[in-house]
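*Asks:* Below is the structure I would like to discuss, written out as structure tokens.
Coordinate-derived values only; no laboratory data. Keep in mind the model is a prediction, meaning the values are calculated, not measured. Backbone-built Cβ (ideal geometry, glycine too); neighbour counts: all protein chains shown.
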Amino acid sequence: MSGAENPSPRPVARQLGHVGPYISELCVGTSPLGGMPALYGYNVEAETAIATVEFALEEPSITFLDTSNNYGGGESERRIGEAIRRLGGLPDGFVVATKADPAPGDREFSGSRVLESFAESLDRLGLERVPVFYLHDPEAFEFDDLIAPGGAVDAMKELKRRGLVDVIGVAGGDLDAMRRYVDTGAFDILLNHNQYTLLDRSADDLIDHAVGAGLSYVNAAPYASGLLAKPVEDRPRYQYREPSADILARTQRLRDVCDRFGVPLAAAALQFSTRDPRVSSTVVGVSSPARVEELLRNSAAHIPLELWFELEEVR
């Protein structure tokens, strides 16, 4: 039996935070759509990016899209905005999330910059508000500065008080830093990337901590930035870098197990995240309409329970 047969039932949409929107288990990540070949090893042209967003907006099973002020220097948001305009607006119930970023070259991440970043994002997206707004990669700055009165965290809370966003989150990679921001009690959501996958489960304790504190958890990059989704001959990256020999060997062992069950490794990698009840949504970067279709196939693939047991043994 191939992995694409006998699709599993889709889970019910989950709510972000206690007052946030309901979102799909899959979230379209749009970092690649900003055209960043230095990070991903390939470029995405503007028309392809716009067509990808249009496809995602019209796909009923996807109601969540993630972007950021700094993806491609704002190009991701501009292309998303163009897709929204071409379709005459967002479909009912569709949720766009974006992130506050410092201005290029800034050594500080101030409260005023958070508000500027938010305004820039709305202008590019052509929206009056966004339901979900994250403080992006704050670990690059001093924690005490960002949580100081009038600082970046206060600005995030102010946007929520004004009703310009429904829920606020923190998004980053450093696990210790993310725990500190969770513990401020300011945020509704934690987004972490690349560290809860078939190859790296280092975020496991952080997920428990965040969910236990009442936050929703959004897991990004279940393919570990490409290695778990692409054939090795395409030279995919691992956590945005060249993979080590050990990581390549472990990936091959995972692929061999999946091949014996007739299940694509990408499907197992995706569902490792989506099947976890602690994960509210899983963000996967896409680069074309075909990649969105592949994401849907991987989400629907039937994965036998025995396969999960065998994948647990791969170390």
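*Asks:* Out of the trypsin sites (Lys or Arg not before Pro) in the range 200-264, which ones are loop residues according to DSSP with at most 12 other C-beta atoms within 10 Å? Provide the component values of the computation, followed by the final result.
*Replies:* Details: sites: ARG201, ARG237, ARG241, ARG250, ARG253, ARG255, ARG260; in loops: ARG201.
Answer by residue number: ARG201.
*Asks:* Once you charge only the Cβ atoms, +1 for Lys and Arg and -1 for Asp and Glu, what is the size of the charge dipole of the range 14-312 about its Cα centre, to the nearest 20 debye?
*Replies:* Values: 29 positive and 46 negative charges, 72 e Å.
The dipole of the range 14-312 has a size of about 340 debye.
*Asks:* To continue, here is another question. So if each residue of separation counts as 0.36 nm, and I subtract the Cα-Cα distance between ARG107 and ASP123, what length gain in nm does that give?
*Replies:* On the way: separation 16, 0.36 × 16 = 5.76 nm, distance 2.44 nm.
Stretched out fully, the ARG107 to ASP123 stretch lengthens by 3.3 nm.
*Asks:* Can you work out ³J(HN,Hα) from phi for every residue in the range 277-287, in order, using Karplus 6.51 cos²θ - 1.76 cosθ + 1.60 and θ = phi - 60°, giving whole Hz and x for Gly and Pro?
*Replies:* Here the 3J(HN,Hα) series is x, 6, 8, 6, 7, 10, 8, 10, x, 10, 10 Hz.
*Asks:* Then there's this: Classify the chain from the C-alpha gyration tensor, please: rounded if a/c falls under 1.5, else prolate or oblate depending on whether a/b exceeds b/c. Could the numbers behind the result be given before it?
*Replies:* On the way: a/c = 1.61, a/b = 1.40, b/c = 1.15.
Prolate.
*Asks:* OK, next. Fewest Cβ neighbours within 10 Å first, please rank CYS258, CYS27 accordingly. All intermediate terms of the calculation are to be shown ahead of the outcome.
*Replies:* Working: CYS258 22, CYS27 25.
Lowest count first: CYS258, CYS27.
*Asks:* Which order do LEU199, LEU16, LEU270, LEU305 fall in if you start with the one that has the fewest other Cβ atoms within 10 Å? Write out the running numbers ahead of the final one.
*Replies:* Working: LEU199 20, LEU16 25, LEU270 28, LEU305 6.
Ascending Cβ contact count within 10 Å gives the list LEU305, LEU199, LEU16, LEU270.
*Asks:* Compute the helix-to-body angle for 265-274: its Cα long axis versus the longest principal axis of the chain, expressed 0 to 90° and rounded to tens.
*Replies:* 50
*Asks:* Can I ask one more? Per-residue HN-Hα couplings for the range 97-102, Karplus 6.51 cos²θ - 1.76 cosθ + 1.60 at θ = phi - 60°, whole Hz, x for Gly and Pro?
*Replies:* Each residue of the range 97-102 in turn: 10, 9, 9, 7, 10, x Hz.
*Asks:* How far is helix 75-86 tilted, in degrees, relative to the longest principal axis of the Cα atoms in the chain, given as a value from 0 to 90 rounded to the nearest 10?
*Replies:* For helix 75-86, the angle is close to 90 degrees.
*Asks:* So what's the angle, to the nearest 10 degrees on a 0 to 90 scale, between helix 152-161 and the longest Cα principal axis of the chain?
*Replies:* Helix 152-161 sits at roughly 80 degrees to that axis.
*Asks:* Another one. Applying the Karplus parametrisation 6.51 cos²θ - 1.76 cosθ + 1.60 with θ = phi - 60° to the phi angles of the range 17-31, what ³J(HN,Hα) value in whole Hz is obtained for each residue in order, glycine and proline being reported as x?
*Replies:* Values, residue by residue: x, 8, 10, x, x, 8, 10, 6, 5, 9, 10, 6, x, 10, 4 Hz.
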